[in-house]
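One structure is given here, and the rest of the page talks about it.
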C-alpha cells in the first residue's frame, strides 16, 4: 500500500468515501470536499493532484480494508457457512444502520466505462479479490458437505457476489434495508440445500 497519508490527506479521503457511496465518481467534486473539510480546492490538489488519484487512493484503501476483513473472517471463523454469514451480516448491519449502504466498488463498477483506467483497475481488482475469497469459502464448504454447489466454486462465487450487490441495490432503490437480508438469505439458503 502507498505511504502513510498526512492527517489532512486522511481527512480528505474520509470525506470522499461517503460521497462515492452516495453518488459515484461523477457525483462529487473537490468543491464538495472543500466545504466539508474546510480546506481550499488548491490545498486538496496539493494532496491529490487529480480526482482520479484521489478516488484511486480511496478504492485502494477500501480494497485493503476488505482484504483484511475477509482474512479475519477466514482466520477467526472455522465454519464456511458462518464465514459467509459474517460477510453478508457485515453488509446487512451497514445497510441497516446507514454507515455504508452500498459497496464503493459496486457503485464505481456501474460507471466503469466512464471512469479513469487507474480507478477502473482498482475496482476490477476488488471484484477479483472478493470472488476469489468467496470461491475459497464455497469450495471449503462443499468439501465439508456444508454447501451443495450446482456449478464450480468460481461460478457460484460470481453468482453470490452478484446477488449480494444486487440486494444492496434493491434495498437502496426500495428504501427497505430488510430486503437485503431477504434476498441474500435466500441465496445462501439455496447453497445449503441439496439440489
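The values are calculated or read from the model by the stated rules, or taken from the named source; none is laboratory data. Nothing here was measured: the structure is a model prediction, and the numbers come from that model. Every residue, glycine among them, receives a Cβ derived from its backbone with ideal geometry; neighbour counts consider all protein chains shown.
The set of residues from the stretch 62-106 being surrounded by fewer than 18 Cβ atoms within 10 Å (Cβ to Cβ), in contact (Cβ under 8 Å) with a residue 12 or more places away in the chain, out of contact with any helix residue (DSSP H, G or I) (no Cβ under 6 Å at 6 or more places or on another chain) and farther than 25 Å from residue 143 by Cβ comprises just one member, 64. Here is the figure for the stretch 38-59: residues that are surrounded by fewer than 17 Cβ atoms within 10 Å (Cβ to Cβ) and either closer than 21 Å to residue 115 by Cβ or under 22 Å from the mean Cα position of the chain (by Cα) (or both) total 6. Do you know which of the residues in the stretch 1-36 that are over 16 Å from the mean Cα position of the chain (by Cα) and outside any helix (DSSP H, G or I) is surrounded by the fewest Cβ atoms within 10 Å (Cβ to Cβ)? Ranking the candidates gives 3 first.
Look at the stretch 149-171: where a residue is touching a residue at least 60 places away in the same chain (Cβ under 8 Å) and a partner is surrounded by 18 or more Cβ atoms within 10 Å (Cβ to Cβ) and outside any helix (DSSP H, G or I), sitting 6+ places away or on another chain with Cβ atoms under 7 Å, you get 165/103; 168/102; 168/103. Looking at residue 148, is it in a loop (DSSP other than H, G, I, E, B) and either in contact with a helix residue (DSSP H, G or I) (Cβ under 9 Å, 6 or more places away or on another chain) or at pLDDT 95 or above (or both)? Taking the combined requirement at face value, the residue satisfies it.
In the set 152, 121, only one residue is surrounded by fewer than 18 Cβ atoms within 10 Å (Cβ to Cβ) and within 24 Å of residue 23 (Cβ to Cβ); that residue is 121. Considering the stretch 37-141, the qualifying helices (runs of 4 or more DSSP H), each wholly inside and each with 1 or more residues that are over 26 Å from residue 172 (Cα atoms), run over 41-47, 51-76, 80-97. Consider residue 180 carefully, then state whether it is modelled with pLDDT under 95, more than 24 Å from residue 76 (Cα to Cα) and buried (at least 17 other Cβ atoms within 10 Å of the Cβ). No; evaluated as a whole, the condition is false for this residue. The residues of the stretch 124-144 that are surrounded by 17 or more Cβ atoms within 10 Å (Cβ to Cβ) and more than 18 Å from residue 69 (Cα to Cα), listed by number, are 139, 140, 141, 142.
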